[in-house]
Amino acid sequence: MGDNPRVAYMLEHGPLPHWVKVARHHREQAAQEAAEAASHAESEPEPVPPRGRHRAPRPWWGWPATAISSTLLLGLNALDVLGQNLTHHISFLT
């Protein structure tokens, strides 16, 4: 046992504190998790990001514009018809 360097160090300097053992355990665990993550990343291909819109969609004004313009056109036609009939009736009166 005296030939073992760890035992000789412990006999010379005393036992290791607990935080040294905990730090070693954390380092080993982190190295193991990194190795698992690397092997997992190698086994699965990298996902392709979806190709979507690169800006926000614009509001669509098609239906409201159509509704407003058709209403105005209908009103214009109604005024035209009423105006023709009104002038036609007035011309009979004169």
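Find the accessible area per residue for the chain; the probe is 1.4 Å, ligands and nucleic acids are left out, and the unit is Å².
In whole numbers, the chain has 101 Å² accessible per residue.
Per residue, what volume in Å³ does the convex hull of the Cα atoms of segment 28-71 enclose? Walk me through the numbers before you get to the answer.
Working: hull volume 5.1 nm³, N = 44.
For segment 28-71, the hull spanned by Cα atoms encloses 115 Å³ per residue.
Placing +1 on the Cβ of each Lys and Arg and -1 on the Cβ of each Asp and Glu in the chain, which of 20, 61, 82 has its Cα farthest towards the positive end of the resulting dipole?
82
Given a 1.4 Å probe and every protein chain left where it sits, what share in percent of the accessible area of the chain is carbon and sulfur? Don't skip to the answer; put the middle values down first.
Numbers: 6110 of 9450 Å².
With neighbouring chains kept in place, the figure for the chain is 65 percent.
Kindly express, to the nearest 10 degrees and within the range 0 to 90, the angle between helix 62-93's C-alpha long axis and the longest C-alpha principal axis of the chain.
Here the helix axis deviates by roughly 10 degrees.
From largest to smallest, what semi-axes in whole angstrom does the chain give when each is the square root of 5 times an eigenvalue of its alpha carbon gyration tensor?
Numbers: eigenvalues 1899, 52, 6 Å².
Semi-axes from the Cα gyration tensor: 97, 16, 6 Å.
Before rounding to the nearest 500, sum -39500 (n - 2.57) across all DSSP H runs of length at least 4 in the chain and divide by the residue total; then give [θ] at 222 nm in deg cm²/dmol. Before the final figure, lay out the partial values.
Numbers: 3 runs with 67 residues, N = 94.
Computed ellipticity for the chain at 222 nm equals -25000 deg cm²/dmol.
About its Cα centre, how strong a charge dipole does segment 1-85 have in debye, to the nearest 20, once Lys and Arg get +1 and Asp and Glu get -1 at the Cβ?
Values: 8 positive and 9 negative charges, 84 e Å.
For segment 1-85, the charge dipole is close to 400 debye.
The values are calculated or read from the model by the stated rules, or taken from the named source; none is laboratory data. It should be emphasised that the depicted structure is a prediction, and the values quoted were computed from it without experimental measurement. Cβ coordinates were reconstructed from backbone atoms using ideal geometry, including for glycine residues, and neighbour counts include every protein chain displayed. Side chains included, ligands, DNA and RNA excluded: accessible areas come from the protein's heavy atoms. Shrake-Rupley method; radii C 1.70, N 1.55, O 1.52, S 1.80 Å.
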